[in-house]
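Trainee: Below: one structure in structure tokens.
The values are calculated or read from the model by the stated rules, or taken from the named source; none is laboratory data. Remember, predicted model here, so these are calculated numbers, not experimental data. Quick reminder, even Gly has a Cβ in these numbers, built from the backbone with ideal geometry, and neighbours come from all protein chains shown. Protein only, heavy atoms only, side chains kept; ligands, DNA and RNA dropped before computing areas. Shrake-Rupley method; radii C 1.70, N 1.55, O 1.52, S 1.80 Å.
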Amino acid sequence: MNSALSKPLEVPVMLAVDKHLAVQQHLFYEARLLDDERFNDWLALLEEDIRYRMPVTERRFRKDRSAPLAFGGGYIFDDTKARLAMRVERLQSGLVWAEDPRNKVRRSISNVEIWQGAEANEAEVYSVVSIHRSRIDGEEKHFVAGRRDVWRETTQGWRLALREIRLDNAVVLDSNMNTFF
């Protein structure tokens with residue numbers, strides 16, 4: 001279970017400096033693994049019970065005070081580790097036409113906040129990811145999203161247990177969503 005979802009903190013508590021730096025380095029390392037298409041190494045950073053999801057962005061006028069949708073707006077994806085592994089296998093199969101030739105992808109991670117998580121071995125992390133993707137035909141895409149993560153300290157080091165990605169755009173203007181955030 002992802003405890004940070006069930007027990008939100010009232011007041012953020014800072015992590016010890018050494019843990020803060022370790023988690024921050026994991027964010028940058030994770031981005032480099034994904035940029036270099038080292039997907040199996042990236043999967044090794046994920047907890048077995050990970051939830052990796054991108055809710056549909058809901059846009060409302062400020063004066064709209066109606067209740068949110070009963071079941072939320074849905075998800076663009078809501079993946080488990082098994083589903084993420086399937087997505088990686090698909091990308092590595094050589095059969096994904098949108099990835100052949102290879103896209104050049106760069107991720108920049110910024111506005112990083114790291115707080116004590118709901119459990120003693122967890123860190124709650126807020127960050128912004130900016131992704132630039134360039135295709136051979138000169139087509140370029142740019143995604144910006146806020147992320148809320150839970151990283152869990154284990155005997156194997158820090159592992160990602162939850163990632164909730166909130167795209168800035170309400171409409172995904174892309175022909176595919178092969179990018180990991």
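Trainee: For the range 15-52, give me the residue count where each residue is within 13 Å of the chain's Cα centre (by Cα) and open to solvent by 50 Å² or more (accessible area, probe 1.4 Å).
Mentor: Counting residues in the range 15-52 that are within 13 Å of the chain's Cα centre (by Cα) and open to solvent by 50 Å² or more (accessible area, probe 1.4 Å) gives 2.
Trainee: Among Gly146, Gly73, Gly94, which is the only one that is over 13 Å from the mean Cα position of the chain (by Cα) and more than 17 Å from Phe39 (Cβ to Cβ)?
Mentor: Exactly one residue qualifies, and that residue is Gly73.
Trainee: If you don't mind, there's one more thing I want to ask. At least 1 residues that are in contact with an Asp or Glu (Cβ under 8 Å, 6 or more places away or on another chain) and loosely packed, with under 12 Cβ neighbours inside 10 Å in each: list the strands (runs of 3 or more DSSP E) lying fully within the range 71-181 that qualify.
Mentor: Where strands (runs of 3 or more DSSP E) fall fully within the range 71-181 and carry at least 1 residues being in contact with an Asp or Glu (Cβ under 8 Å, 6 or more places away or on another chain) and loosely packed, with under 12 Cβ neighbours inside 10 Å, they are 140-154.
Trainee: Mind checking which pairs have a first residue in the range 153-164 that is polar (S, T, N, Q) and a second that is surrounded by fewer than 21 Cβ atoms within 10 Å (Cβ to Cβ), Cβ under 9 Å, 6 or more apart or different chains?
Mentor: Taking only residues 6 or more apart or on different chains, the pairs are Thr154/Glu47; Thr154/Asn121; Gln156/Ala44.
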